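Reviewing the structure listed below.
Laboratory data are not the source of any read-out in this text; all were calculated from the coordinates shown. Just so it is clear, the model here is predicted, and its values are computed rather than measured. Here Cβ is always computed from backbone atoms with ideal geometry, including for glycine, and neighbour counts include all displayed protein chains.
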Amino acid sequence: MPKKFLLEHNRPDCIGCGACAAVAPEFWEMNDDGKSDIKSGKSREDGWQELEIEEKDFEQNKQAAESCPVNVIHLKKKDTDEKII
Ligand code: SF4
């Protein structure tokens, strides 16, 4: 199945509340340093993490993004770069 969305985590600004890991544990976990990680996510030089995801995994990650109190989880369409959240 083609990967249609890019999931991004502004990790430097994560406050470690744990909401994303509670809402979407398949994709998010808490790290020992107190912040969350995208499971199997790629770390970028700017400190953000990213992961390409399929359509079927969009909804749970959108819910994780909506649960984040500091809005550091983002989703983009891969083909158009359109920001969804
Ligand atoms: S919900 Fe947001 S602030 Fe809370 S751990 Fe996840 S990314 Fe960090």
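What the table shows:
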read-out	value
Net charge contributed by nearby residues that have their C-beta within less than 15 Å of Ile38 (K/R +1, D/E -1)	-3
CD proxy at 222 nm, helix term only [per DSSP H run n ≥ 4: -39500 (n - 2.57); per residue of the chain; nearest 500]	-4500 deg cm²/dmol
Of Cys20, Cys68, Pro2, farthest towards positive along the dipole that unit charges on Lys, Arg, Asp, Glu beta carbons give the chain	Pro2
Amide hydrogen neighbours beyond the local backbone of Lys78, cut-off 5 Å, H modeled	Phe5, Leu6
Nearest 10 degrees, 0 to 90: helix 58-67 Cα axis against the chain principal axis	40 degrees
Length gained when the stretch Glu45-Asp13 is fully extended (0.36 nm per residue, less Cα-Cα span)	10.1 nm
The chain, relative contact order in percent, only Cα pairs under 8 angstrom and at least six apart counted	39 percent
Loop-resident sites, the stretch 34-85, for GluC sites (Glu not before Pro), counting at most 12 other Cβ within 10 Å (DSSP)	Glu45, Glu82
The stretch 10-52: relative contact order as a whole-number percent, Cα under 8 Å and 6+ apart	36 percent
Rounded to the nearest 20 debye, dipole of the chain from Cβ charges on Lys, Arg, Asp, Glu	140 debye
Full-stretch length increase - Glu55, Thr80 - with 0.36 nm per residue and alpha-carbon distance subtracted	7.5 nm
Whole-angstrom gap from the stretch 1-23 to the stretch 52-85, using each part's C-alpha centre	8 Å
